[in-house]
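Novice: Let me give you the structure first, and then I'll get to my questions.
Taken together, the values in this text are just the output of simple stated rules run on the coordinates, not laboratory data. Here the structure is a predicted model, which means the values were calculated and not measured. When we count neighbours, we look across all protein chains shown, and the Cβ atoms used for this are built from the backbone with ideal geometry, even at glycine.
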Amino acid sequence: MDLTTDYLGLRLKNPLLPGASPLVDDLDAVRRLEDAGAPALVMHSLFEEQITLEEAAEMADVDAHEYSFAEAATYLPTAGDFTLGPDRYLDQIGRIKRAVDIPVIASLNGTTPGGWTGYAQLMEEAGADALEINVYFLPTDPAETSADVEARLVDVVRRVSGAVSIPVAAKLSPFFSALPNLARQLHDAGARGLVLFNRFYQPDLDPEELQVKPTLELSDAYELRLRLRWLAILSACNPADLSASGGVHTGLDAVKAVMAGATTVQMVSALLRQGPGHFAEVLGFFNRWLEEHEYESLAQLRGSLNLSTCPDPAAFERANYLKVLQSWDGRPTSAKG
Ligand SMILES: Cc1cc2nc3c(=O)[nH]c(=O)nc-3n(C[C@H](O)[C@H](O)[C@H](O)COP(=O)(O)O)c2cc1C
């Protein structure tokens, strides 16, 4: 089965990707992922806060790697909290490029247009084949409107896309009120791909200690549902390449994501849990499933259950909501055998 796919203008030998995570800090894991069939890699992000710390440290003539700038220290992580500082991040791009023959997608993560464009250019110079921009932002200011938030995101994408010649994808949150319109604006601003979605890490509360506890939990397959719906809707109305991120743990999950309209399918939690070797299993299943179901090509699978092609488009829309609620048979789940 020919699984070749074009994502962000890159020719990939299959649509499954290791998504942004610290896995790529380890060159041995990077090589194992390539051996397992990974057609490209997404690096974990260089964070805007790292760039800010570095610049602040330069202005104050202190070493950002040892000393965190006074104001930033009250709410930002210190430079030492990040795995790779900006310079080491750029070096790591070069190291990965030398270690493997597959394309490397670097990632920038922040909220403001600020100094991103400069780092995007440095990433391109360091050899990145594409960029993922992750605007992980939570509006907490009542004066800020949803239009402000969207405009800033579009501005970041426009500036970064305009500053580099490599393709740019935007990794989005699912929490926008009019995602199809935003997706169109982002595509018009230069985003060649959209990564659906960012996962927000929900802090828990410790009632005894009166503390907010940041927690990092790996995903489970249920999270794929949100992606499937939006892949199905956006792939029917937006020309950007769509990459699924969130809840893909098995080959069957990957089949579903492509059916819904994904051009590529990213995995992180499954690889962190089971190691880089798991990639080969997922890819093997994906390949076999297509063969066993007599698909002639990946293109035939892609989008075959999206909003414009599926037999029951209402299942993705409000009508389904009513149907699902009415399907409850009234018996407590504990009473069902
Ligand atoms: C330990 C860890 C580190 C991550 N680091 C990044 C990162 O640097 N940049 C980013 O965009 N996403 C990052 N992510 C999010 C993943 O790329 C991915 O979007 C998310 O985990 C959902 O995919 P999954 O269900 O396959 O895990 C990270 C996730 C984990 C678990």
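Novice: Which lysines have a Cα lying under 25 Å from the Cα of residue 323, excluding residues fewer than 8 positions away in the same chain?
Specialist: Straight-line reach from residue 323, under 25 Å: 256, 336.
Novice: Return the Cα extents of the range 5-335 along principal axes one, two and three, sorted largest first, each rounded to a whole Å.
Specialist: That works out to 65, 48, 41 Å along the principal axes.
Novice: Among 213, 256, 97, which one moves the most in a GNM of the chain with springs linking Cα atoms closer than 10 Å?
Specialist: In this elastic network of the chain, the residue with the biggest mean-square fluctuation among 213, 256, 97 is 213.
Novice: Who wins for biggest fluctuation among 263, 140, 111 in a Gaussian network model of the chain, springs between alpha carbons below 10 Å?
Specialist: Looking only at 263, 140, 111, the largest GNM fluctuation is found for 140.
Novice: Let me ask something else about it. Could you work out the Rg to Rh ratio of the range 112-239, with Rh taken as the Kirkwood radius (inverse of the mean 1/r over all Cα pairs)?
Specialist: Radius of gyration relative to Kirkwood radius: 1.01.
Novice: Right, next: Using unit Cβ charges (K, R positive; D, E negative) and no other charged atoms, how large, in debye to the nearest 20, is the dipole of the range 5-335 about its Cα centre?
Specialist: 1460 debye
Novice: Let me ask something additional. Where does the range 149-190 land on Rg/Rh, using Cα atoms and the Kirkwood Rh?
Specialist: When Rh is taken as the Kirkwood radius, the ratio is 0.96.
Novice: Whose amide H sits under 5 Å from the amide H of residue 132, counting only residues 5 or more places off or on another chain, with H placed in the peptide plane?
Specialist: 106, 107, 108, 169
Novice: Taking the alpha-carbon centroid of each part, what is the distance from the range 155-188 to the range 195-246 in angstrom?
Specialist: Taking the Cα centre of each part, the range 155-188 and the range 195-246 sit 18 Å apart.
Novice: What is the dipole size for the range 129-179, taken about its Cα centre, with +1 at each Lys and Arg Cβ and -1 at each Asp and Glu Cβ, in debye to the nearest 20?
Specialist: Here the range 129-179 has a charge dipole of around 140 debye.
Novice: 5 Å is the cut-off here: which amide hydrogens, built 1.01 Å from N in the peptide plane, fall below it relative to residue 7, excluding neighbours closer than 5 in sequence?
Specialist: Hits under the 5 Å cutoff: 12.
Novice: Shifting gears a bit: Jot down the per residue volume, in cubic angstrom and as a whole number, of the convex hull over the alpha-carbon atoms of the range 262-337.
Specialist: Convex hull of Cα atoms, per residue: 194 Å³.
Novice: Taking only DSSP H segments of four or more residues, each worth -39500 (n - 2.57), what value at 222 nm results for the chain once the sum is divided by all its residues, to the nearest 500 deg cm²/dmol?
Specialist: So the helix-based figure for the chain works out to -12000 deg cm²/dmol.
Novice: Give the cross-link partners of residue 97 among the lysines, using a straight C-alpha distance below 23 Å as the criterion and excluding same-chain residues fewer than 8 apart.
Specialist: Straight-line reach from residue 97, under 23 Å: 13, 171.
Novice: Tabulate in residue order the Karplus-calculated ³J(HN,Hα) for the range 242-252, using 6.51 cos²θ - 1.76 cosθ + 1.60 with θ = phi - 60°, rounded to whole Hz; enter x for Gly and Pro.
Specialist: Karplus-based 3J(HN,Hα) across the range 242-252 equals 10, 10, 7, 9, x, x, 8, 10, 10, x, 5 Hz.
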